[in-house]
Each structure stands twice: as structure tokens, then as C-alpha cells.
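Asker: The structure that follows is given in the form of C-alpha cells.
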Amino acid sequence: MTGLGSLISPAATLSIAHVLAGALVLASFMMLYQDRLSSVINVLALHSTVLGVAVGWQAYIQHAPELYITAGLALGFKAVVIPIALQRIVIRLGIHHQIEAVGGISVTMLAGIGLVALSLVVMLRTAAHADALAREDVALALAVILLGMLMMVTRRNAVSQIVGFMSLENGLILAAAGAQGMPLVVEISVAFSILIAFIVIGVFLFRIRERFDTVDSAALDAFRGEAQ
Amino acid sequence: MTPIILVCAMAFLLLGALGAVLGRRPSGHVVVYGGSLAVAGVALLASLTQLCFGIAPVPRVLLPIGLPGLGMHFTMDDLASLFLIITNLGAAAASLFALGYGRHEHEPWRILPFYPVFLAAMNLVVIAADAYGFLLCWELMSVASWGLVMAHHTDAAIRRAGTIYLLMASAGTLALLLCFGLLAGAHGHYAFAAMRNAHRSSWIGALVIILALIGAGSKAGLVPMHVWLPHAHPAAPSHVSALMSGVMTKVAIYAFIRIVFDLVGPAAWWWGLVVLLVGGMTAVLGVLYALMEDDIKTILAYSTIENVGLIFVGLGLALAFKADGMMIAAALALTAALFHALNHMLFKSMLFFGAGAIQHATGTRDLAQLGGLIHRMKISAVPMMIAAMAIAALPPLNGFASEWLLLQAILLSPALPQFGLKLAVPAIGALVALSTAFASACFVRFYGIAYLGRARSPEAATAHETDRFSRGAMIGLAGLCLAAGVLPGLVIDVLAPVTHALLGARLPAQAGLAWLAVVPVASSQSSYDPLLIAVFIAISGGLTALTLYRFGSRVTRRAPVWACGYQERDPAALRATGQYSPSGFAQPIRRVFATLMFRAHDDVVLPPPGDIGPARLTHHWTDPVWAALYTPLVSTIGLIAERMNRLQFLSIRKYLGFVFVALVLLLMWTALWT
Amino acid sequence: MDLIVPLLLQLFQIGLVILVAPLLAGFVRLLKARLQRRSGPPLLQIYRDLAKLIGKDAIVAGDASWLVVLAPYAIFVLTWIAAALVPSFATGLPFSGAGDLIAVVALLGTARFFQMLAALDVATAFGGLGASREAMFASLAEPAMLMIVFTVAVVAGSSQLSAIADFMHSQAAGLRLSLGLGLVALVIVALAETGRFPVDNPATHLELTMVHEAMVLDYSGRHLALIELAHALKLTLYMSLIACIFVPFGMAGPGAALPALAIALVGYIGKLAAGAVLLAVFETTIAKMRIFRVPNFIGAALMLGLLGTLLLFVSATL
């Protein structure tokens, strides 16, 4: 590994880290752009793969072997297991139809760019004294978190909101990895809690579908029961 | 040179008086327009001599008229000479055009007195050197142009246009009045020389720039103060429209530059941000409006708004660079803005001349009725195409040269330290790029539907060519567009003294570079070489033509097109040829960009089954600025007026009560605050 | 001698683009055909097509004016000059001062202007159809291209193509996120401007799907030959542009000796061939989008370009 390290200059290693973080932002934009549910889930798999590579690269340059496990968890669970399970759920729910993004795709993308600008400005101003290059990684991770939230806000379908939530988690993991790593115990517990949350959400989706015949949250709003 | 310009202004006023006297005689228009041409030529020569050769014998003149004890100051510095060149070149071209076009005017006595007064006022505004003289001549300019707009006052739409124009002009002058008042300070120093050296607090400077933006911007056509422009500019006769769009907007820009770059002193960084944002929004909205309109002159008026937006983007960048001490970059941005002002005068005047020629030849201004005019108006179609190419910013013409300089200024802006500017400039760059692309589509639509294809109405099929004065004016301006496009280095060198006077820096001299290239910033090696490109175009074109002539077939045959068999059997039939209408051409762009802001939608009304009537498609759109700003404003004013109307019908006791309360309040004020 | 050799190299480059363009277009067509299990036309077929067209009579629409006859020459000459100004195998050639990236993009815009005007002059519905759709695509593709220009020019410090290629070739550039975004955006814009899948089908004649074809439907003979050659030149231009900006390795600097030039020339042909393979594979795997989904696609390029520029303005190292 050190032989490889001598080939790549320090500036290049950090540029590669930026490129990987930027690729994650790009994957978030791709997720916002997608219309159909199965492509959204495929992009989630891509998103988690890029996260795995990014965290793995962070592990390499920080010489922190526990981050490799984080990368492996990301690759294993979030790039393979969860997308396959979500595809199965989607097929069983029978909702391969088009997603209507609230506000249209162009407005959503413009809002996305505004959020990236916002996170860059926030990070580069408030953390002005911190290490310059780590700061930009965290800024891009914050952008991924905000884009994940934007995804949850602009989608109607519950499954795509879950996908947005997953991408938000990915952003959090990137931020934690970029900020000099986190303890392995915490990472395992986080992974398990994600898994539990996912199982619970899946169960709920089925119950909702059974009861109301739809998982469209706009239609579900009509059943709220309060006087409007 | 100031006395020469003052004498020219007097000559213009005299011509106005002559116009009032000779208005009903057939020789009247020859005297007035010919005289205006001569006087504008003299003024142009004087200002060219001063700017290009630096000959300025009597820069300051103090006339004893005006306010008692203060007099009227007139000064002609480099900035004023530049705008005098722009004004008088436009005036000369418009007068030459009007020598031919003015013959068709039914009521010349409504136009002839006001026209030279308008020109005099514009010249005087540019050389005025104190607030009183400036505002007096500014109002004279507004009133004279209002008189010209109302020339055909029997038309209700034109009367409405005149009313809106007068209201907006008054509002603008009020803003400028307050602005000059703030600049003059507590001691009332109205001369510009005194304002320049005064020290003021930052919030006064902020108020000054906001008021200048409102006052000068409304005359120039910035959104949201632009609403009068698309009504008033088309309503006036074509030579006046050319003057209003091409020259009067530049006089407004002169006012803004004078106040913000010269009089107000050191700039804060966020001033540039505000100007940039307003300019960018104006540019995009202006050209989107132009794509939705069908009246040829309204399209040109909205295109003026777009170009004014681009000029203000340049000015905003220059302000931002100036506030951060990057003087060479500021000089580049200011040069780009000034160059674009000159270019816009050239090609917008040409376009309005062409629109006037079309209106006279076909009797209609509706783009959907035109078509095939290139066959009927063979000579004037060529300069119109050059004008359309120039305004769409296509190399190697002048529109692209100033656009390129503006983009180079944007490329220098990552060095700006403030985050607000760092975020705004890329967004504004995207807006500038969008507006350029839309402008290209807009003028393809304008030229392609008016001049190309087949005629869409009998009027268009029987159009005739214009007279030689109009053609001469258009061809002269087209030649200037080509010259400015192929030799932009010359123009940059001429503009250098202006930026030096305002900013203390100038672009490096362009005259000696290889192949007459333009290299604005030596360190970045970016260069633009339109002469070389033009030579390439000529050589390759010749080579291609020669090769094809030598090796290929030389035959060209004409044949009717297939068009799925929908061509009429009678080739002279005009309707239902299947060729696109102007709203059809703009429909994809409308659908993609205008659905949200303009609520643009198409309504299709189908006849019931069995009915052989045609289906009708109408497109609807609402003006967002008018709906969001002016309609509520007008209704609020109406509401307030309604409420206040009750004051008319009070009893004696209540009126006495008002007087009593006012007296008591005044006494309280005197007691508490002195 | 010092002046003659660079001048000859410059003239050679001007001629090279014309010679290579039909070959590149033919190669892409052949690859697509083989990927679709057809034998496809021979590699040099486009040369033969052009020769055939030049020898035929030119038939012009009855209602059209002199613009329809002028337009093919204007389109061809402008596209040729734009393609010749992009450095292909050598930088620092005598006319590289005129090779500004913004000017190259604008020259293509001028060619498009004439194309749309000529389409409207023919007075058919097809011409208006093609012109209005092209206007809509251009209204997004040109700004996207300008944002990419901003990204690249801010990184390289200049908008002159020769200087950009030299900068990218040196070690100063490195791997940068904004350049990556710019590359993705440039690929999308190139697909849109050259009329390839998923924006436009270069081989269609169905009015529902035509954009570029609709504008040139009524051309024949030598005029059609000029327009076809201009179309092929545009493809060569965009591939050379991507190679010059993002893969400039192997380009010969000013004053290079003959072996370096030969290697650079071979490298250039290799880059074009690689680009052709990637294009053919991409076109075979993707379907054409319907017209009103294309603005989302090109709009994505505009957003990516804007994001790249924003990253560069806000942070100097991204």
C-alpha cells in the first residue's frame, strides 16, 4: 500500500477524495432527476457504491482500517441488500408507474444547486480556520444530506421518500468518515438501526397498502381525520 | 468643445421653432430633418475630435441662465464625449432615415416641432454639469419624446401608451431629483464638481444608488420599471422609436454611470451585486417577452430591454471590481458595457428603420401577416439581416465583440472576495448566456418570418421597397456594424480614455497587436481575432465555391416543394401554406420556459363533430411584472384615493378641526425637538 | 524556415479536419451497424456519397430566395473554420490566437443561425418544425456550453484553446471535481449539438422525430453535400474539443520535431477512433427521447456546468 502511496502526490490524494465526494453529489442529482421508481432504486445502489469507494479511499489516506469495515458495510448492505429488497417490495406493490416530482424536474434541480451553494458557503465560512481540504469534503457531504432531504420533500411516493432518506444517511456517513473517522462500535450500531428502521418501514408500507390500497402520500393525506 | 455642442443645441431648438412654423408646408420636413442631420453631424465631429485626439479647448462653460446666483454649468469630459458620439450618430442616422420616411407622415406638424427639441435635450443632458440643468434637460427630453409618442393620438392604444409613459417618466424624474438632492448634501451644492469631492456616509451612498437605479433605470428599461417601454417605443413613428430605443436609453445609462461611477464616490461591494442581479433578470425577462410578442416593433422594444440588461450586468461587474480595488478588471467590464451601448445604438436603430419600412410598405406591424419580404424589399433586406446577426451576437460582427469582452470580465471575477458576489456571478453568467441564446432564436423568428418564406397576407405580397434615404441610412449603419465587428481593437482604444477618467485604469493598447487581435488582459492570453476570422471566411468561401464550380455540377433548378402535398394548386394562394406562424415557432421555447412565470398555455377549440369549421388555437400569457407589481399598486392607489375623497365633503367644523390639530402638532414639534 | 514549418502545419491541420470528418462519421456508422448485427455501409462510403452529390444538379425550392443558396456555403465555411481552430495534434500554431473557445462556440452558433433561416425560407411546415425545435435545443445547449467554457477557462486561466491544452497537459491541473462535471456536461452538449441519440436520430425521416433532418429536407446536389460534410465536421469538432481539453496527452508543443509530431498525429487519430467506439456503443444502448424530455436532458448539462463554475468560484481547489 505504501508503494502505491509514493506514486500519488499528497495533493492528488486529496483531489481524488474531492472527486469521489463530488461523484456522490452527482449521484444525488441523478437521483433527483429520475422519473421511474426502479431507476431511482438503481441510482441508490450506485450512490451507495460511490459511498463505499469514497469511504474506502478515506480509510486509505487516513490509515484508519476500521473505515474499511464501514465501506464494506455500505457496499454490502446499502448497495446490494437494500436495493434488491426495495425492488422486490416495489414489484410486490405493483407500483412501476411514473413519479410526479413536485414542482417539476428543472425547478428541483435549480433548488438542488442552490442547496449545494448554500452548504459550500456555510462550510467555507464557518469553518474558515479548519483544514482547507477536509472542509470541502464535509461541505460536499452536507450538500448530499441536503439533497437527500430535498428528495424526500419533493416526492410523493413513500418508496422514493425512503430512498431519499437512505441517501441522506449516506451523506452522514461520508461526513463522519471525512471528519477523521468514527469508532467501529458506533458504526455497527448505526448499521443495525438502519436495518431495523428499514424493516419497520417495509412492514408499515405493507400495512398501509393493505388498508388504503395506495402508498401515494397525497392520497393518504385525505385520510388524516382532522377537520381540514 | 462645449461651446460647439451648446451652439448645436441652440441650432436644434431653432429648428424646432422652424418646424412649428413650417409644419404644414411640404418643405417643412426637408428643412427640419436635413437641418437636424447637418447639426448632428457637426456635433458628432466635435465629440469625435475630442475623444479620439484629446483636443478639448474649452471644457467648461457657465451660462447665466437658470437658478439665480447658480447658473447652469456645462462640461464635456471624455465620458460625455463618448455619449455625445452615440447620441449624435443615432440622431444623424435617424434624420437621414426620416428625410425619406417623413414624406409619408399624414400630420407632420405634430412631429416636426418636437423632433429637434428632443435631440437638443439629449445633447444638453449629456453635457450638463449641475443638478438643475441636468434635471431640466432630462424633463425636456421626456416631454419632447412624449409629444412625439402622442403624434398619432387618435388611436386609443397610443393614448394609453402616452399616459403610462408620462407617469413612469415623472416617477423616474422624482427619483432622480431625490438622488441629486442627497448628493448635493445639506448645503445644497448642486454643481457636479462640488458633488464629486464631498464626503458622505455609507447609507446615503446606498440610497443614492437605489434611487439612481430606479430613476435612470426606468428610463433605460430595467425590470420592473420597464412597463412603459413596450407600449411607448412602438407607438412613436419609426425614426423616433429608433431614437428612443437606441439613443434615449443610452442617455439614461449615461446618467447612471455619471452618478454611480463619478459623483457618489467610493462604492460598497454590494452595490455591484444589486446592479448585477437587476441587469441579469432584465436581460432574460426582456428577451423572453420578445419571444411571446407578435408585433414587430414591440419585439424590438423588448429586445432593447434585454440589451440594457446586458449593459447593466457589465456596469455591475465594473462596480464590484471597483469596490474591491481590481481596477483593470473594472476597466474591462466598463469597456464591455460602453462598447455594447455603442453597438446597440447601431443595430437597434437599423432594426427600427427596417420595421418602419415594413410598416409603411405593408401597412401592418403584425408578424403573422408578413412573409416573403426578401423578394419584395430586396435591398433593405440585406442590412436587416446584418442587423439581426449583429444583435444575436454572432461573430465576426460587433454584437459578439462586446459580448466576448463581457464574458472575459466574468472570467476574471473568481478573484472577488465576497461570497455574495461569488455566488451571484456564476448565476448571472448563466442568465447572460441564456439571454444570448434566446436573442438568437428571437431574431431568427423575426427575420425568418417577416422576410423569408411566402407572404402570409395580400399586403405582404404587394409590398414595395423603401426610398433611397432610408436605404442609405440602413446601409451606412450596417457598414459601421461590420467595421466595429472586424476592428474592435480600435473601438477599445477609443474607449480607453473614458475608463481611465472614471476608474484610473485602462485596457492595454490594442492597436499594435499581430493580426489586429484583441487581447484585453495580457496575462491570460485570451485573444479574439475577428479580422483573421473574416479573412478565413472569405478565403474558404471562395475556395469552396471555386472547387464546386470546377469539379461539380453547375446547374441550379427551381421546383415546387412537396410538403406532403399540402401546397396549394394555385401558387398565388396565400393562406394555409403550412409554413410556420410566429407563435408556432416560439411554441417549444414557450412551453419549456414560459409555463411557470408567464403562465403561458395554448387553448385549442375544436368544432363539434360534423361541423366543417376550422379548429382554433390561441396562446395566452400574462405579464408577471404587471400582474404582480403594477395592478396591485394601481388598485392600492385607487383605494387610498377613494378613502381620501371623503375629505372633500366634510363640514366647516371638521376643516377647522384639521387646522387646529395641525397647529397644535407643529407647536409640540417645536417644543420637543428644538 | 522558422515561419514556414508552423504555417505548413497549420494549413495541414485545416485540411486534416476536412479529410478526417467523413472517415469518422463513416466509422461510427459502420460500428453501429456491426453492433446491431448488420454489415453496414463500407468505411469510405461517405466520400463516395459526397462525390455523387457534387455531381448532381441542385434543385432549390420554388419560393426560396438567395438565402437558401447562400446558406449551405455559409454553414460549411463556418463549421470548417471552427473545426480548424481547435488544436488537434499540435498547440501553439500560428493562428491559434484566433482559436478562442468562446469564438468557436459562437461560430457554430452562426452556422446554426443560417441553418434555421434557410429552413424557414423554404416555406414548408417541416422547415418551421425543424427550426423551432432546433431553437429550443440551442436555447439550452448554448448556455450549457458557455458554462462549460467558464469552468474550463477559470481552471486554465485563459479561454484560448491552445493555452487550455498546454495547461491541462502540464501537471498544474490535476484531478478536479469541476473538470469532471464539465466533462459530463460537455458530452451531453456534444450529443445534443451533433444531433445524436438520445436527442435526435441522424438517420430518421419521420416528422415526429426529425430535428436536423427537417431543416435540410429540401436540399439536394452540391448544397446537400456541403451540409452533410458540415454535419460530419461538427462531430469531428466536438470529439477534437473533448480530446483537446480533457485528454490532451501526446499533443506536440510549439517547435516540436518531426517524430513528436508524428506521434501526436497518431495519438489524435487514436483519440478520434476511441471516441467513435464510445459513441457507437452509447448510441446502440440508448433510445431516443421524445422532444419535450430533451430540455430536461440538456438542462441537466446546464446545471452541471453551473455547478462546476460555482464550485470554482467558491473554492479554488475543487
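The values are calculated or read from the model by the stated rules, or taken from the named source; none is laboratory data. Computed from a prediction, not measured in an experiment: that's the story for all the values here. Every residue, glycine among them, receives a Cβ derived from its backbone with ideal geometry; neighbour counts consider all protein chains shown.
Asker: When residues of the stretch B:500-555 are filtered for being aromatic (Phe, Trp, Tyr), exposed (fewer than 12 other Cβ atoms within 10 Å of the Cβ) and facing chain C (nearest Cβ under 9 Å), how many remain? It would help to see each step written out before you state the result.
Answerer: Taking the stretch B:500-555 first, the residues aromatic (Phe, Trp, Tyr) are B:515, B:528, B:536, B:549, B:551.
Now restrict to residues that are exposed (fewer than 12 other Cβ atoms within 10 Å of the Cβ): B:549, B:551.
In the following step, the residues that additionally are facing chain C (nearest Cβ under 9 Å) were identified as B:551.
Total satisfying the criteria: 1.
Asker: Here's another thing I want to ask about it. From B:Leu213, B:Leu183, B:Leu166, grab the single residue that is touching a residue at least 60 places away in the same chain (Cβ under 8 Å), under 19 Å from the mean Cα position of the chain (by Cα) and under 30 Å from B:Ala283 (Cβ atoms). Walk me through how you get there before you give the answer.
Answerer: Details: B:Leu183 fails: under 19 Å from the mean Cα position of the chain (by Cα); B:Leu166 fails: touching a residue at least 60 places away in the same chain (Cβ under 8 Å).
Being touching a residue at least 60 places away in the same chain (Cβ under 8 Å), under 19 Å from the mean Cα position of the chain (by Cα) and under 30 Å from B:Ala283 (Cβ atoms) holds for just one of B:Leu213, B:Leu183, B:Leu166, which is B:Leu213.
Asker: Just to be sure, is B:Gly485 assigned to a helix (DSSP H, G or I), in contact with a Leu (Cβ under 8 Å, 6 or more places away or on another chain) and within 14 Å of chain C (Cβ to nearest Cβ)?
Answerer: In short, yes.
Asker: Go through B:Leu96, B:Leu119 for me and flag whichever is under 17 Å from the mean Cα position of the chain (by Cα) and closer than 16 Å to B:Val31 by Cβ. Full working, then the answer.
Answerer: Details: B:Leu96 fails: under 17 Å from the mean Cα position of the chain (by Cα).
The match here is B:Leu119.
Asker: Answer yes or no as to whether C:Thr91 is at pLDDT 95 or above and either among the hydroxyl-bearing types (Ser, Thr, Tyr) or in contact with a strand residue (DSSP E or B) (Cβ under 9 Å, 6 or more places away or on another chain) (or both).
Answerer: Values: at pLDDT 95 or above: no; either among the hydroxyl-bearing types (Ser, Thr, Tyr) or in contact with a strand residue (DSSP E or B) (Cβ under 9 Å, 6 or more places away or on another chain) (or both): yes.
The answer is no for C:Thr91.
Asker: Is the stretch B:646-653 home to any residue that is surrounded by 10 or more Cβ atoms within 10 Å (Cβ to Cβ) and in contact (Cβ under 8 Å) with a residue 12 or more places away in the chain? Working first, answer last.
Answerer: As a first pass, look at the stretch B:646-653 and keep what is surrounded by 10 or more Cβ atoms within 10 Å (Cβ to Cβ): B:647, B:650.
With the extra rule that they be in contact (Cβ under 8 Å) with a residue 12 or more places away in the chain, the set shrinks to none.
No, the stretch B:646-653 has no match at all.
Asker: Name the residues in the stretch B:292-345 that are surrounded by fewer than 24 Cβ atoms within 10 Å (Cβ to Cβ) and β-branched (Val, Ile, Thr), would you?
Answerer: Within the stretch B:292-345, B:Thr298, B:Ile328 qualify.
Asker: Here's another thing I want to ask about it. Just wondering, is there one or more residues in the stretch C:236-255 that are in contact with a strand residue (DSSP E or B) (Cβ under 9 Å, 6 or more places away or on another chain) and buried (at least 20 other Cβ atoms within 10 Å of the Cβ)?
Answerer: Yes: the stretch C:236-255 contains one or more residues that are in contact with a strand residue (DSSP E or B) (Cβ under 9 Å, 6 or more places away or on another chain) and buried (at least 20 other Cβ atoms within 10 Å of the Cβ).
Asker: Evaluate the stretch C:205-212: report whether one residue or more is more than 10 Å from chain B (Cβ to nearest Cβ), farther than 26 Å from B:Gly453 by Cβ and surrounded by fewer than 24 Cβ atoms within 10 Å (Cβ to Cβ).
Answerer: Let us first name the residues in the stretch C:205-212 that are more than 10 Å from chain B (Cβ to nearest Cβ), namely C:205-206, C:208-212.
Imposing the further condition that a residue be farther than 26 Å from B:Gly453 by Cβ reduces the set to none.
Within the stretch C:205-212, none of the residues are more than 10 Å from chain B (Cβ to nearest Cβ), farther than 26 Å from B:Gly453 by Cβ and surrounded by fewer than 24 Cβ atoms within 10 Å (Cβ to Cβ).
Asker: Just give me the residues in the stretch B:440-457 being at the interface with chain C (Cβ under 9 Å from one of its Cβ atoms) and assigned to a loop (DSSP other than H, G, I, E, B), in sequence order.
Answerer: B:Leu452, B:Gly453, B:Arg454 - these are the residues of the stretch B:440-457 that are at the interface with chain C (Cβ under 9 Å from one of its Cβ atoms) and assigned to a loop (DSSP other than H, G, I, E, B).
Asker: Here is a further query. Right, C:Met239: under 12 Å from the mean Cα position of the chain (by Cα) and either over 30 Å from A:Phe29 (Cα atoms) or at pLDDT 90 or above (or both) or not? Please lay out each step first, then the result.
Answerer: Numbers: under 12 Å from the mean Cα position of the chain (by Cα): yes; either over 30 Å from A:Phe29 (Cα atoms) or at pLDDT 90 or above (or both): yes.
Judged against the criteria, C:Met239 is a match.
Asker: All but one of (1) in contact (Cβ under 8 Å) with a residue 40 or more places away in the chain; (2) of a type in the set (A, V, I, L, M); (3) part of a helix (DSSP H, G or I) hold for B:Leu140; which doesn't?
Answerer: The number of the failed condition is (1).
Asker: Then there's this: Return yes when C:Ala260 is over 13 Å from the mean Cα position of the chain (by Cα), free of Cβ contacts under 8 Å to residues at least 24 places away in the same chain and more than 14 Å from every other protein chain (Cβ to nearest Cβ) and no when it is not.
Answerer: Details: over 13 Å from the mean Cα position of the chain (by Cα): yes; free of Cβ contacts under 8 Å to residues at least 24 places away in the same chain: yes; more than 14 Å from every other protein chain (Cβ to nearest Cβ): yes.
The answer is yes for C:Ala260.
Asker: If you don't mind, another one. Please determine, by comparing only the residues of the stretch C:170-186 that are more than 10 Å from chain A (Cβ to nearest Cβ) and within 20 Å of C:Met239 (Cβ to Cβ), which one is surrounded by the most Cβ atoms within 10 Å (Cβ to Cβ).
Answerer: That would be C:Gly182.
Asker: What is the one condition in (1) more than 30 Å from B:Leu112 (Cβ to Cβ); (2) surrounded by fewer than 24 Cβ atoms within 10 Å (Cβ to Cβ) that B:Tyr289 does not satisfy?
Answerer: (2) is the only condition that B:Tyr289 fails.
Asker: Residues C:Ala98, C:Ala123: which one is modelled with pLDDT under 90, touching an Asp or Glu at 6+ places or on another chain (Cβ under 6 Å) and closer than 29 Å to B:Val519 by Cα?
Answerer: Working: C:Ala123 fails: closer than 29 Å to B:Val519 by Cα.
After applying the criteria, what remains is C:Ala98.
Asker: Right, next: Determine, yes or no, whether A:Val144 is of a type in the set (A, V, I, L, M), in contact with a Lys or Arg (Cβ under 9 Å, 6 or more places away or on another chain), at pLDDT 80 or above and part of a helix (DSSP H, G or I). Working first, answer last.
Answerer: Details: of a type in the set (A, V, I, L, M): yes; in contact with a Lys or Arg (Cβ under 9 Å, 6 or more places away or on another chain): no; at pLDDT 80 or above: yes; part of a helix (DSSP H, G or I): yes.
So A:Val144 does not fit the description; no.
Asker: Related question: State the number of residues belonging to the stretch B:53-83 that are at pLDDT below 90 and either over 16 Å from B:Ala191 (Cα atoms) or in a helix (DSSP H, G or I) (or both).
Answerer: Number satisfying all stated conditions: 6.
Asker: Would you tally the residues in the stretch C:67-80 being in contact with a Lys or Arg (Cβ under 9 Å, 6 or more places away or on another chain) and either farther than 29 Å from B:Arg454 by Cα or surrounded by fewer than 23 Cβ atoms within 10 Å (Cβ to Cβ) (or both)?
Answerer: 0
Asker: In the set B:Val604, B:Val561, B:Val592, which member is over 22 Å from C:Pro295 (Cα atoms), of a type in the set (Val, Ile, Thr) and either at pLDDT 90 or above or not in a loop (DSSP other than H, G, I, E, B) (or both)?
Answerer: On the way: B:Val561 fails: either at pLDDT 90 or above or not in a loop (DSSP other than H, G, I, E, B) (or both); B:Val592 fails: over 22 Å from C:Pro295 (Cα atoms).
Of B:Val604, B:Val561, B:Val592, the one residue that is over 22 Å from C:Pro295 (Cα atoms), of a type in the set (Val, Ile, Thr) and either at pLDDT 90 or above or not in a loop (DSSP other than H, G, I, E, B) (or both) is B:Val604.
Residue by residue, here is whether (1) on the phi > 0 side of the Ramachandran plot; (2) of a type in the set (Gly, Ala, Ser); (3) touching a residue at least 24 places away in the same chain (Cβ under 8 Å) holds:
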| position | (1), (2), (3) |
| --- | --- |
| B:Ala393 | yes, yes, yes |
| B:Ala415 | no, yes, yes |
| B:Ala439 | no, yes, yes |
| B:Asp467 | no, no, yes |
| B:Gly489 | no, yes, yes |
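Asker: Turning to a different aspect of this structure: Which of the numbered conditions does C:Val294 fail, given that it passes all the others? Conditions: (1) within 14 Å of chain B (Cβ to nearest Cβ); (2) more than 21 Å from the chain's Cα centre (by Cα); (3) among the β-branched types (Val, Ile, Thr).
Answerer: C:Val294 satisfies every listed condition except (2).
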